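The values are calculated or read from the model by the stated rules, or taken from the named source; none is laboratory data. Just so it is clear, the structure is predicted and the values come from calculations on it, not from any experiment. Heads up, the Cβs are rebuilt from the backbone with ideal geometry, glycines too, and the neighbour counts pull from every protein chain shown. Surface areas here come from the heavy atoms of the whole protein model, side chains and all, with no ligands, DNA or RNA. Shrake-Rupley method; radii C 1.70, N 1.55, O 1.52, S 1.80 Å.
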Amino acid sequence: MAGLHKSEFENPVVNWIDTRMPIFTMMQKEYGSFPTPKNFNYFWNFGALAMISLAIMIATGIFLAMNYTAHTSLAFDSVERIMRDVNYGWLLRYIHANGASMFFIVVYIHIFRALYYGSYKAPRELLFMLGVVILLLMMATAFMGYVLPWGQMSYWGATVITNLFSAIPIVGEGIVTWLWGGFSVDNPTLNRFFSLHYLMPFMITGVVFLHIVALHITGSNNPLGIDVKSPQDTLPFHPYYTAKDSIGICVYLLVFAGLVFFAPNLLNHPDNYIPANPLVTPAHIVPEWYFLPYYAILRSVPNKLGGVILMFSSIAVLFVLPWLDTSPVRSARFRPIYKQLILVMVASFLVLGYVGGKPPEGIYVVLGRVATAYWFLHFLVLLPILGKLERPLPLPESISRPVVRRPPSSGGGGPLPQGATAKPMEKP
Amino acid sequence: MADTASATVRDAITTVGAADPAKRDFLKLLTGSAVAIGVGAIVWPFIDSMNPAKDILALSSIEVDLAPVQEGQAITVVWRGKPIFVRNRTADEIKGAESVALNQLIDPQSDADRVKAGKEKWLVVIGICTHLGCVPLGNKVTDPRGDYGGWFCPCHGSQYDTSGRVRHGPAPANLGLPPYTFAGDTKIKIG
Amino acid sequence: MRIALALAVFLTAGVALAPGAFAQGHEAVEAPKQPWSFNGPFGTFDRASMQRGFQVYKEVCSNCHSMKEMYYRNLTSIGLNEEQVKAIAASATVPGGTDDSGQAVERPALPSDHFRSPFANDKAARSANGGALPPDQSLIVKARENGSDYVFALLNGYEDAPADVKVGEGQYYNKYFPGHQLAMPAPLHEGAVTYADGTPATIEQMSRDVTQFLTWTSNPDLEVRKRMGVKVVLFLTLMTGLTYAVKKKVWKDVH
């Protein structure tokens, strides 16, 4: 298929490049005129916000790396030098540290949106799975990044999390020694974590690219969860959604600025301002807030291997979610029971997050176990059954005509009269 | 130009509602410039973070105590990562440096321009050969000082006189002079 | 669905009740909030208090506690001029490398030097303090929950142990310390320092001043950060308004 592209751009320079390498045509097609459902709500801002977060993290990270020293005896002081002596170093570091939190907040809301509006269902299964891959890469990156300042939490977090792998029978110990490059978390560990922490954001960027490629093949889902049927259902991405995303970006930056400038250590743990000491473990060791739910799941099982398996399963279950959910209806708007259950699921996630930050005693253990049980019950049992039992509300005809003629008695989510049930969404 | 702009502003203010391209353009212009200002403001901290940090700047000026340097001796101190030669010149050396005719020099400069008035015995130069950056010999009594009694660069044979001026190639210029001031009789502040 | 709701209620109730179930044991007493000058979005440091606090640090704390991240030159930020900083630095001796015969030498400190540490290394510090290592104070406020309030409360919080508490050998009772017993005896006593500005050196006053100083050493960026933050938030608020207006305009004809 070799041959020059017929460019429609008038600017001669743009035209010259575009003829030989049609990136401008591609940008115009994917971000200019790209047909986007017209009924997005503000939940659909969060993809763009995640992208901004990634860009901010990479930019600040590169400049921080210019002044950071990955050596156990110098790392802590080099971070303090960034904070005290490097011009605007405190700004770069606080943006980077809080940026991790902002990134996770945004991505969790982005995932919630996908779950609530059924964005993981056919034909967007692969799109969703790529998203879960991004989440896993983010978690690995964030974990390694937190080790770099070489404070007490850095050191003990690294020790505890890498020790998870020792739960694997037979090869576990060997894997942990391999991860450490020694017999405890030490300089070789810090060095490789720095190397990988620098590498992984670019892997994330690669998967984000695939995520967007997949998105632009299937097209976006929308709050109604029904397919785009005609051009009236869509708007060109620019200027409609560039304008709408801009508002989200400004609000996001406001929250971000609030953290960075007025509460930069709110989400950090004070112990990480104490240099790492391999002989003294802090009284309460907790991971960063965005890992607390998984940490709670880990601790809710009294068996080492069991806890580790359960923790990894809690995310792995998302990979098969498109097949666990048997309902043909995407949006929770038309699924009265699912709508309740997903809120319980969110509640259980929040409870897990809360419990994860508390000592594993008494009521916290009970709460952690109940919430963990619900998490798996929700995905593995309730969703498969629900698709068979639940009677969805009638779906609108199209996005541009969202109002559907409803029989008078169908309001309030009660039993629907015969014949008023939703037409199951056509599968492509 | 200014008229059109103010007209646009007036339009933007007076026109309420209605799809008015003028208002949209003005709004876009305003938003666009605000974005540009914002981006500019956030780019600066990144650029500035690559400038010398405070701990580097704190070392950018040093004080050197000259009292221990005997006549005829020279010491090397480090300033901004570079060797600085401080030489306590003998009367003969000063006379020799002052009496050279400028037209004999590769890089003509009088000795008076290379030392502080009234402190002629102290020569303070950057100890880096202007040829390719080697450090010339001549501070230690046992070092070769070349034919002109100053410094001799072992790399390519450049020779400097007792004023730090190049007298024999390949170096093209005299030894550099760091910015310094006298803080008392036997103390200088470099930088 | 009922079950779902019941579950949600149970979980929420659990979270709400849980802290009550555990408000006992050896947890430290929470430090009371203090009206610091650096609190709030427009907060700034109190220069006079910081200078007094530095005096307390220098004359009392620094006998045991190091402050490794600080340089003498940083003191210009608490309102001292360069001559004063030079003099303060020169009054301390720091390791000065080696002399021509290879022996380690000491020299008067320069503004570009780190604060002098009271002990050569951690082991020396431990052996001089009954086995306990006095923590470095560069980041002490950031390294503790409720930073400034905690440090202030701790310095003020020494008292006789309740009758039922057995205080260990070389330990001192302080209800604000986690576990209530620590190896540091009450560091301040009335008139421990003499303030040049005539402020009475009560324990509370000295605690307040030294906390002001320590908050700054932990957060030297605080004032610049907050000042910049106010501008950034104002700018972003404007941007939010502008983008909202643009969006409304763009979307006018849709719906």
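Tabulated data
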| read-out | value |
| --- | --- |
| Accessible surface ranking that places the most exposed of A:Ser348, B:Ser110 first, with a 1.4 angstrom probe | B:Ser110, A:Ser348 |
| Area buried, chain A against chain C - accessible surface, total, 1.4 angstrom probe, square angstrom | 4200 Å² |
| Stretch gain in nm, segment A:Trp16-A:Val171, where the contour uses 0.36 nm per residue and the Cα spacing is subtracted | 50.0 nm |
| The range B:109-122 - phi-based ³J(HN,Hα) in whole Hz, Karplus 6.51/-1.76/1.60, Gly and Pro as x | 7, 7, 4, 4, 6, 10, 10, 8, 4, x, 10, 4, 6, 9 |
| Relative contact order of the range A:1-152, defined on C-alpha pairs under 8 angstrom at six or more residues apart (%) | 21 percent |
| Gaussian network model of chain B, Cα within-10 Å springs - most flexible of B:Asn88, B:Asn103, B:Asn174 | B:Asn103 |
| Residues A:Val207 and B:Lys28, FRET efficiency given R0 of 45 Å [Cβ-Cβ distance, rounded to 0.05] | 0.85 |
| Longest site-free stretch - chain A; sites: GluC sites (Glu not before Pro), DSSP loop, at most 15 other Cβ within 10 Å | A:11-360 |
| With DNA, RNA and ligands ignored, accessible area of A:Asp85 (1.4 Å probe; Å², nearest 10) | 0 Å² |
| Highest-MSF residue in chain C out of C:Val56, C:Val167, C:Val141 [GNM, Cα springs under 10 Å] | C:Val167 |
| Label-reachable residues, the range A:275-299, where backbone N falls under 19 Å from a point 7 Å from A:Phe183's Cα toward its Cβ | A:278-280 |
| Once exposed loop trypsin sites (Lys or Arg not before Pro) are cut out (DSSP; at most 12 other Cβ, 10 Å), longest piece of chain C | C:34-165 |
| Kirkwood hydrodynamic radius of chain A, from inverse mean 1/r over distinct Cα pairs, in Å | 24.1 Å |
| Solvent exposure, largest accessible area first (probe 1.4 Å, DNA, RNA and ligands not counted), of A:Leu298, A:Leu377 | A:Leu377, A:Leu298 |
| Extension gain, A:Ala140 back to A:Ile109 (0.36 nm per residue minus Cα-Cα distance, nm) | 9.2 nm |
| Placed amide H near A:Leu235: partners under 5 Å, 5+ positions off or other chain | A:Thr36, A:Lys38 |
| Derived scalar couplings ³J(HN,Hα) [the range A:250-260; Karplus, 6.51 cos²θ - 1.76 cosθ + 1.60; whole Hz; x for Gly, Pro] | 5, 5, 4, 5, 5, 4, 4, 5, x, 5, 4 |
| Relative contact order (percent, whole number), chain A, Cα cutoff 8 Å, 6+ residue spacing | 20 percent |
| Relative contact order computed over chain C (Cα-Cα under 8 Å; 6+ residues apart), in percent | 25 percent |
| Total lysine pairs whose alpha carbons fall under 24 Å of each other in the range C:56-210 (8 or more apart, or interchain) | 9 |
| Sites A:Ala283 and B:Ala101, calculated FRET efficiency, Cβ-Cβ separation with R0 56 Å, nearest 0.05 | 0.10 |
| Most mobile of C:Asp149, C:Asp164, C:Asp46 in a GNM of chain C (Cα contacts under 10 Å) | C:Asp164 |
| Built amide H within the under 5 Å cut-off of B:Trp79, gap 5+ | B:Ile84 |
| In order through the range C:132-149: 3J(HN,Hα) via Karplus (6.51 cos²θ - 1.76 cosθ + 1.60), integer Hz, x for Gly, Pro | 9, 8, x, x, 4, 9, 4, 10, 4, 6, 6, 8, 10, 4, 6, x, 4, 4 |
| Distant-in-sequence amide H partners of C:Gly96 (H built 1.01 Å from N, under 5 Å) | C:Val105, C:Glu106, C:Arg107 |
| Taking the C-alpha atoms of the protein assembly as shown, convex hull volume expressed per residue in Å³ | 284 Å³ |
| Sum of side-chain charges, A:Ala97 neighbourhood, beta-carbon under 14 Å (Lys, Arg +1; Asp, Glu -1) | 0 |
| Those Cys residues of the protein assembly as shown for which no other cysteine Cβ falls under 4.7 Å | A:Cys250, C:Cys61, C:Cys64 |
| Probe 1.4 Å, all protein chains present, accessible-area order of A:Trp16, B:Trp151, largest first | A:Trp16, B:Trp151 |
| Segment C:Lys123-C:Trp251, length gained on full extension (0.36 nm per residue, minus Cα span) | 39.1 nm |
| Within-15-Å neighbourhood charge of A:Glu8 [Cβ basis; K, R +1; D, E -1] | +1 |
| Inter-probe distance in nm under a simple model that places probes 7 Å from Cα toward Cβ, at A:Ser398 and A:Ser230 | 0.3 nm |
